Amino acid sequence: MVGIIEVKAGYDAAKAAFQIAQGMSALKTEAAINGAIIELQRHTVDAQRGLSASLETIGELEKEIVRLENWSAEKERYKLKAISPRAYAYTIKPGIEGGDDPHWLCQPCFDSSHKSVLQWAGKTVSPSGITGTFATWGCRRCGQEIHVGRNQSPGDPNANNDPTPNRPLNYDTRGIV
Ligand SMILES: [Zn+2]
């Protein structure tokens, strides 16, 4: 996004150009007038850049407002769930799926007003060293990864059947190989 610094620089340039234009009638020599014209042109170019930056900033802010308005309605469709003993994700509330397949949303992204669907990223090794016991699901937006039972999926009605936070990871034996 264009920064406020560029916008402020444009405003300052327009102000400087205005002051130069106001003082031009008092200039006595051709050299002084030519110098003032060059300064005026420089400030005018900077002012035009600032105007451009302002318009770009306004456009970006308008898009962000629309996105947040849409997000405000969209986020009401989800609730935070413990989908495994140590993994949380936002899941769609029953009855308002709207044709969407079951999916998990990344919790950190959701809490910063972004919808990012977690994607299966492969099997992983359990803390006790059993390969393939758990599956990793990752967020491609922020890089967050969660580990759930290898057979758990967003469409699994038992995915959050025991969200006890302190339950040991290897307690969930549904996916043990
Ligand atoms: Zn994320």
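Taken along the Cα-to-beta-carbon direction at a fixed 7 Å, the label points for Ser72 and Ala9 span 3.5 nm. The calculated pair-distance distribution of the range 1-145 uses every alpha carbon pair, bins of 10 angstrom beginning at 0, and gives 10, 22, 18, 13, 12, 11, 8, 5, 1 percent. Other residues whose C-beta falls under 12 angstrom from the C-beta of Ser52 contribute a net charge of -2, scoring Lys and Arg +1 and Asp and Glu -1.
Using mean Cβ contacts within 10 Å as the protection proxy, how do 142-152, 14-24 order, highest first? Before the final figure, lay out each step's value.
Values: 142-152: 18.5, 14-24: 14.2.
The densest-packed peptide leads the list: 142-152, 14-24.
By definition, a body whose alpha carbon gyration tensor gives a ≥ b ≥ c is prolate when a/c is 1.5 or more and a/b is larger than b/c, and the range 4-74 fits this prolate description.
Here, each number is a calculation from the coordinates, and none is a lab measurement. The shown structure was predicted, so the numbers you read here are calculated from the model rather than taken from an experiment. Cβ atoms come from the backbone with ideal geometry, glycine included; neighbour counts cover every protein chain shown.
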